[in-house]
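Report on the structure given below.
The values are calculated or read from the model by the stated rules, or taken from the named source; none is laboratory data. In this text, all values refer to a predicted model and were calculated from it rather than measured experimentally. Cβ placement follows ideal geometry from the backbone for every residue including glycine, while neighbour counts extend to all protein chains displayed.
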Amino acid sequence: MENLVIENLGDQMILRLNKKGFDEQYLISLVKRLQIESLAQKSGFNSSILKIAEQINQDWWDENEEKFLKNVKK
C-alpha cells in the first residue's frame, strides 16, 4: 500500500494514510493546519490584512526598539 492515497468523490476528497508511513504528531499538526486554513478561508480575509499586520508590527518595533535592545551590545 502507498503511504498516501487521495480519492476525489465529487463533493468529497478522501485521504487514506498508511499509519506506518507517517509520524502521528506530524499528522495531527497537519490536520490542525487544515482546520486553520479552512477557518481563514471562511473568514473572508484577503492579502490586505497582511499589510495591516506588517504596519502593527512596525509600529510596535518603532515604539519598543530601544527598550527591547537596551542590554544588547552594539
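Regarding I14, is this residue among the β-branched types (V, I, T) and surrounded by 10 or more Cβ atoms within 10 Å (Cβ to Cβ)? Considered against the rule, which asks whether it is among the β-branched types (V, I, T) and surrounded by 10 or more Cβ atoms within 10 Å (Cβ to Cβ), I14 comes out as no. For the stretch 16-26, a residue qualifies if it is under 11 Å from N3 (Cβ atoms) and of a type outside the set (D, E, K, R), and the qualifying residues are L17, N18, G21, F22. Within the span defined as the stretch 21-44, one or more residues are touching a residue at least 12 places away in the same chain (Cβ under 8 Å) and surrounded by 10 or more Cβ atoms within 10 Å (Cβ to Cβ). Applying the condition of being of a type in the set (V, I, T) and in a helix (DSSP H, G or I) to the stretch 29-74 and asking which residue is modelled with the lowest pLDDT yields I49.
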